[in-house]
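Quick note: the coordinates plus some simple rules give every number you see, no bench work behind them. These numbers come from a predicted model, not from an experiment. Positions of Cβ are backbone-derived with ideal geometry, glycine not excepted, and every protein chain shown enters the neighbour counts.
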Amino acid sequence: MADEEHADCIFCRIASGEMAATLVHEDELVVAFRDINPQAPTHVLLIPRKHVTSLNALSEDEDSGIGHIVRVAARIAAAEGCGESGYRLVANCGREAGQTVDHVHFHLLGGRALGWPPG
Ligand code: AMP
């Protein structure tokens, strides 16, 4: 990524193409790729191209981009065959929620029955 500040962000590096990932969708706002450690038959991560560290750091500028991500997620779920059977879109925010990568991302999980409440 051109911006040095985020050169060590693995998701920025995936978004720029510098780091390999199995992409399932990309456009000017969002990149979606398969999680390297899948927790369900469908486990796709959707990230904004713009580096934002967590949900807490989102500004109004990101509103349309985040809405776009949600719609893209629904399209991917349909393409993966779990659009009707059911899927989950989840963003972990902060350490206690399990956030390990400080670049906003949404997990799209589907293809099996998902327990609730989550652990
Ligand atoms: P979280 O724990 O919510 O921050 O989610 C981070 C996710 O990124 C985890 O599910 C990891 O398996 C996934 N992950 C980490 N590195 C990579 C990578 N290089 N390619 C794909 N997924 C990754």
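Quick grid of which residues meet (1) among the hydrophobic types (A, V, I, L, M, F, W, C); (2) within 17 Å of F11 (Cβ to Cβ); (3) without any contact (Cβ under 8 Å) to a residue 40 or more places away in the chain:
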{"position": "T42", "(1), (2), (3)": "no, no, no"}
{"position": "H51", "(1), (2), (3)": "no, yes, no"}
{"position": "R71", "(1), (2), (3)": "no, no, yes"}
{"position": "L109", "(1), (2), (3)": "yes, no, no"}
Scope region 41-75; condition assigned to a helix (DSSP H, G or I) and either of a type in the set (G, A, S) or over 18 Å from H25 (Cα atoms) (or both); matching residues: L55, N56, A57, E60, D61, E62, D63, S64, G65, G67, A73, A74
I need the full set of residues from region 50-60 which are within 12 Å of the chain's Cα centre (by Cα) and exposed (fewer than 15 other Cβ atoms within 10 Å of the Cβ), in order please. none
Only one of these conditions is not met by R88: (1) charged (D, E, K, R); (2) more than 14 Å from the chain's Cα centre (by Cα); (3) in a strand (DSSP E or B). Which number is it? (2)
I'm trying to understand the selection: among the residues of region 1-10, which are more than 8 Å from the ligand (Cβ to nearest atom) and either in a loop (DSSP other than H, G, I, E, B) or closer than 24 Å to G94 by Cβ (or both)? M1, A2, D3, E5, H6, A7, D8, C9
Residue tally, condition farther than 11 Å from T42 by Cα, surrounded by 12 or more Cβ atoms within 10 Å (Cβ to Cβ) and of a type in the set (D, E, K, R), over region 61-96: 2
In region 91-114, the residues that are within 8 Å of the ligand (Cβ to nearest atom) and touching a Phe, Trp or Tyr at 6+ places or on another chain (Cβ under 8 Å): A91, V101, H105
The residue that is nearest to the ligand (Cβ to nearest atom), considering only those in region 21-40 that are part of a loop (DSSP other than H, G, I, E, B) and touching a helix residue (DSSP H, G or I) at 6+ places or on another chain (Cβ under 8 Å), is A21
For region 102-113, give me each residue that is surrounded by 15 or more Cβ atoms within 10 Å (Cβ to Cβ) and either small (G, A, S) or not in a strand (DSSP E or B) (or both). D102, H103, V104, H105, G110, G111
G83 being small (G, A, S) and part of a helix (DSSP H, G or I): no
